[in-house]
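Enquirer: One structure follows; several queries about it will come next.
The values are calculated or read from the model by the stated rules, or taken from the named source; none is laboratory data. Just so it is clear, the structure is predicted and the values come from calculations on it, not from any experiment. Cβ placement follows ideal geometry from the backbone for every residue including glycine, while neighbour counts extend to all protein chains displayed.
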Amino acid sequence: MFGVKKDKLSEEQIRKALSTVMDPDLNIDVVTLGMISDVKINGTKVFFKLTLTTPACPVKERLEQECKDAVLALPGVETVEMESTAQVAGQRKTGKEPINGIRQIIAVTSGKGGVGKSTVSCNLAVALAKLGANVGLLDADITGPNIPLMMGVESYQPKAKNDRIVPAENHGVKCISMAFFVSQDTPLIWRGPMLDKAIKQFLRDVDWGELDYLIVDMPPGTGDAQLTMVQATQLSGGVIVTTPQDVALLDGRKGLAMFAQMEVPILGFVENMSYFQPKGSSEQYEIFGRGGGRRLADEYKVPFLGEIPLDPDVRIGGDEGIPIVAKDPDGAVALAFIEIAKQVAAQVSIQARNPIPAAPQAAATPVSISK
Ligand SMILES: Nc1ncnc2c1ncn2[C@@H]1O[C@H](COP(=O)(O)OP(=O)(O)OP(=O)(O)O)[C@@H](O)[C@H]1O
Ligand SMILES: [Mg+2]
C-alpha cells in the first residue's frame with residue numbers, strides 16, 4: 001500500500017551527480033566548466049558526452065572514471081555510456097589580431113643558447129600530436145634554423161596553394177622554417193625589420209589549417225624575434241628551457257623577465273640535461289647539478305613542468321630527423337617529454353580559462369630589449 005515511489009531519473013539528477021567531479025587543474029567542477037553535454041536517459045541506461053579542454057589532459061583517465069562512477073552511484077542507474085572528446089579553447093580576446101585557425105601559440109625559449117630549446121620544441125610538438133592534437137611547429141630561429149634537420153624535413157621544397165605557403169609535415173606535425181627558403185651555405189645576416197616580416201609571414205601566410213597548438217622554437221636570448229612574436233600575436237604563454245648550471249639558470253631568469261615585462265604568461269620551466277643514467281644502470285649522474293629548474297620555478301611561483309635526462313639518443317634522434325618521442329615512444333626520455341607535453345597543455349587550459357596577468361613581480365628584473 002505504501003510502496004516506494006520509483007522516481008524517474010532526470011537530467012538534472014545526472015548533472016548534479018556530475019557536478020561533484022572537479023577538474024583538478026582548474027579547480028572547477030566539470031558541469032560548471034561546460035564539459036558535459038548530450039545527456040540522454042533510457043530507462044536505467046545513461047549516456048553523456050565529456051569534452052576535455054585538451055586531448056593531452058594529464059588527468060584524462062581519472063576524470064573519465066570519476067564521471068562514470070558519479071553517475072553509476074545514482075540509484076536507478078545500471079549502465080553508463082560516456083563519449084570522451086576534447087576541444088582546445090581558442091585564443092583569448094585581446095587587442096591583438098587572432099590568427100585564423102590557430103587556437104593556442106606556445107613559445108619555447110631560454111635566456112642562453114644551446115640548452116635544448118629546439119630539441120624540446122620538436123619533442124613537445126610530436127608528443128602533443130601523438131596525444132591527439134593538431135600541431136604546428138614554427139622555427140623562429142631565422143638566422144640559425146635547425147627544425148628541418150631535427151624533424152627530418154630538410155629536403156622539403158615549399159609550395160604555394162591559393163597564395164599561401166604549404167608547410168612541410170612529418171611525425172604528425174606541420175613545420176615551417178627559413179631553412180626551406182635559403183640555401184644551406186648562405187649565411188643569414190638579418191636586421192630587425194626583415195626578421196619581423198619573416199616571422200609575421202610564417203604566422204599569417206602559411207596554410208596551417210586548423211591547429212590546436214602552434215609551437216614556436218625561439219632563437220636564444222631576448223632579441224628581435226622574441227619582440228616580434230610577442231607583439232604580432234596573442235601568445236598563450238612561454239615555456240622556458242634551462243639546464244641545471246648556474247649560468248643557464250641566471251639566463252633563465254632573463255627569459256622570464258622578458259616575458260614578464262611583455263605580459264606573456266609563463267607556462268613553466270623545463271630542466272633539460274638534468275642527469276645522465278647509463279643504459280642498464282640505475283645510477284643517475286648529475287653532471288651539471290640538478291634541481292635548479294625546480295628551484296627557479298618555486299622562487300617565481302610558476303609551474304615546474306618536468307626534467308629531461310642527458311641522453312645520447314636525444315642528440316642522435318635530433319641529428320637524424322626522428323625526435324626521440326617518435327623514435328622510442330616507450331623509452332624513459334620519451335615518457336618524460338610526453339608528461340611535460342601534458343603539463344604544458346594543462347597550463348594552457350588554465351591560462352585560457354583564467355588568464356593571470358603575466359608573471360610575478362619578482363621576475364620583473366629589468367632587461368634590455370633591442371628596438
Ligand atoms: N637531453 C639531451 N640529451 C642529449 N643531447 C641533447 C639533449 N638536449 C639537447 N641535446 C643536444 O644538444 C644540442 C643543443 O640542443 P638544441 O639545438 O636543442 O639547443 P637550442 O637551445 O635550440 O640551441 P640554440 O640556442 O643554438 O638554438 C643538440 O645537439 C641536441 O641534440
Ligand atoms: Mg635552437
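Enquirer: Under 6 Å by Cβ, and 6 or more places apart or on different chains, what pairs join a residue from segment 64-87 that is closer than 16 Å to Val21 by Cα and assigned by TED's automatic domain parsing to the domain that holds Ser19 with one that is buried (at least 16 other Cβ atoms within 10 Å of the Cβ) and among the polar types (S, T, N, Q)?
Expert: Filtered contacts from segment 64-87: Glu64/Ser84.
Enquirer: Identify, by number, the condition in (1) at pLDDT below 85; (2) within 22 Å of the chain's Cα centre (by Cα); (3) away from ligand 1 (no atom under 16 Å from the Cβ) that Asp212 doesn't meet.
Expert: (1)
Enquirer: On to the next question. For segment 276-307, enumerate the residues that are within 12 Å of ligand 1 (Cβ to nearest atom), assigned to a strand (DSSP E or B) and under 11 Å from Thr243 (Cβ atoms).
Expert: Answer for segment 276-307, where residues must be within 12 Å of ligand 1 (Cβ to nearest atom), assigned to a strand (DSSP E or B) and under 11 Å from Thr243 (Cβ atoms): Ile287, Glu307.
Enquirer: Yes or no: segment 159-170 includes at least one residue that is touching a residue at least 40 places away in the same chain (Cβ under 8 Å) and either within 16 Å of ligand 1 (Cβ to nearest atom) or of a type in the set (Gly, Ala, Ser) (or both).
Expert: no
Enquirer: Moving on. Give the residues of segment 116-159 that are surrounded by fewer than 20 Cβ atoms within 10 Å (Cβ to Cβ), within 12 Å of ligand 2 (Cβ to nearest atom) and at pLDDT 95 or above, sorted by residue number.
Expert: Correct list: Leu149 only.
Enquirer: Now for a different question. Scan segment 278-305 for residues that are touching a Lys or Arg at 6+ places or on another chain (Cβ under 9 Å) and free of Cβ contacts under 8 Å to residues at least 60 places away in the same chain and jot them down.
Expert: Gln284, Leu296, Phe304, listed by residue number.
Enquirer: Restricting to segment 139-164, what's the tally of residues that are under 20 Å from Ala225 (Cα atoms) and either in contact with a strand residue (DSSP E or B) (Cβ under 9 Å, 6 or more places away or on another chain) or not polar (S, T, N, Q) (or both)?
Expert: 9
Enquirer: Now a separate question. Which is in contact with a strand residue (DSSP E or B) (Cβ under 9 Å, 6 or more places away or on another chain) and either of a type in the set (Gly, Ala, Ser) or more than 16 Å from ligand 2 (Cβ to nearest atom) (or both), of Gly238, Gly280?
Expert: Gly238
Enquirer: Just the residues that are within 10 Å of ligand 1 (Cβ to nearest atom), crowded, with 20+ Cβ neighbours inside 10 Å, of a type in the set (A, V, I, L, M) and part of a helix (DSSP H, G or I), please, taken from segment 308-338.
Expert: Once the filter is applied, which keeps residues that are within 10 Å of ligand 1 (Cβ to nearest atom), crowded, with 20+ Cβ neighbours inside 10 Å, of a type in the set (A, V, I, L, M) and part of a helix (DSSP H, G or I), segment 308-338 yields Val314, Ile324, Val333, Ala336.
Enquirer: Counting residues that are more than 24 Å from the chain's Cα centre (by Cα) and loosely packed, with under 15 Cβ neighbours inside 10 Å, which strands (runs of 3 or more DSSP E) fully inside segment 1-109 reach at least 1?
Expert: Where strands (runs of 3 or more DSSP E) fall fully within segment 1-109 and carry at least 1 residues being more than 24 Å from the chain's Cα centre (by Cα) and loosely packed, with under 15 Cβ neighbours inside 10 Å, they are 36-42, 45-52, 79-86.
Enquirer: Where the second residue is away from ligand 1 (no atom under 16 Å from the Cβ) and among the basic types (Lys, Arg) and the first is touching a residue at least 24 places away in the same chain (Cβ under 8 Å) and lies in segment 124-144, which pairs have Cβ atoms under 6 Å and are six or more apart or on separate chains?
Expert: Gly136/Lys174
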